[in-house]
Amino acid sequence: MWDLLLMLAVLGGVYAYTYLDPLWQPFLDQVFQFVVDGSTLGIESIEICECDQAGFTMSMVSRIANTGPLPAEIDGFQVALSSTMGPTDLPEDQRAHSLQATTSTPFGKPFANVLLPPLQARPDGATLTVTAQRVEITSHKAYDHFNARLINDEEFPLYMYGRTRVSVMGGRISGHVRYAKTVVVRGMGGLSIDVVETRKRSRSVVKGRPTEVENEVVVHNRSRIAVDLGRVHVAVLFKDKPIVNLETDLFLRPGPNKTVLWGHLVLANMINPAIGIPFLKQDLETTKVVEAVVVGRSATKCKWIDTVVRQMRTPIVLDGTMRDLLSSVKRSSATHQEADSRPISESTSNHTDETCSTASSSSKNTQHKRRKSLASLFRRSSSGRSLYSIIPENQVSAPEKVTSITPGT
């Protein structure tokens, strides 16, 4: 129906533009407004990066459909973004140009304004792209509300409003319209985290702190919005008490995000009979898993990201954490032992001898000294001692663990 109406309006507009009074313009504006109201907007992706307290850099790709039967040109214009409905806080001189002046269902306070580029719309629609645009935050309170819904809700509305001009037939016929769209945005619905591996960060019994830990995880982002959070700090809670504090650099892109967190066990809680013993008991039993919670503690980049991180609270399943820690040390030790016991290749030695035979007497002495120096680093005694045997006993804090890494056991 509206397609036919637009065609009639365009034909009538041409006649009115040529022969009649410009008082026909309000009628054309209404026709264009009907077409714009009938169009749809779907967001395919949003990326938020280079964040600071004042704003961020945003890229967006969206698809506009149902744009009418004729090719049209849409002027570039500024849209306000909001995630709430309610009275406006715009200054008096801006209210006449806002959506609130022309609708009985006003949107809430915007958190940012985005400049949309000029667009060539075809009857089959158009793709709208915003590339690396610096966006200033106009209301941190409104933006915190948007981020809270993004993190916690499975979907939520994003309201966009502004004013622009639409023209057809090479600009001969045009109309001014208000652009007001409610877009349903898919949220993260709470982050989902899968633990891939837990290991000691230094991979050594004698190096690093005894409480150090490293977790390789996959963080799932169900939303189409990517956010660079920078350095974030989280804690794993068991019985509402932290058992490990971790940190990482987190860029949440849509889909699975593999990242490595590092930190330290909370020793005071791990040795607490009410916390540590139940945790170790469940963790070491092969038929059980430990149900814990990952909570956001802080972020270092800026205050509003810190607010975002503190809203994170995600259940997590831990299975054999302590076994993984011990296994990571054993695997590392076995790798070093294999490298220590590997003999020097005879072919390499013969090739070196042939090369040295063509050198001068002084060169022979130099090469001999170098080979002697290198050989002293890798020599073995008749008892088969490796490099591990030269570690002083007073550097090993847990003698019972030394037997687990002694070569040959």
**Fill in**
Going through 200/258; 258/303; 241/281; 281/303; 109/239 one by one, the pairs whose alpha carbons sit over 28 Å apart turn out to be 281/303; 109/239
**Item:** For the stretch 262-323 and the stretch 119-143, distance of Cα centres in Å
**Value:** 39 Å
**Message:** Give me the net charge for the shell around residue 173: Cβ to Cβ below 13 angstrom, other residues only, Lys and Arg +1, Asp and Glu -1.
**Reply:** 0
**Average accessible area per residue (Å²) across the stretch 190-306 - probe 1.4 Å, nucleic acids and ligands excluded** = 48 Å²
**Cut-off 18 Å, label 7 Å out along Cα→Cβ of residue 134, residues of the stretch 22-60 by amide N** = 48-60
**Asked** How do the peptides 37-44, 61-68 rank, highest first, by the average count of neighbouring beta carbon atoms within 10 Å per residue?
**Response** 61-68, 37-44
**Asked** In nm, what is the difference between 0.36 nm times the number of residues separating residue 326 and residue 167 and their Cα-Cα distance?
**Response** 50.3 nm
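The values are calculated or read from the model by the stated rules, or taken from the named source; none is laboratory data. What you see is a predicted model, and the numbers here were worked out from it, not measured in a lab. Counting neighbours? That spans all protein chains shown, and the Cβs are built from the backbone with ideal geometry, glycine included. The area values use the complete protein model at the heavy-atom level, side chains included, leaving out ligands, DNA and RNA. Shrake-Rupley method; radii C 1.70, N 1.55, O 1.52, S 1.80 Å.
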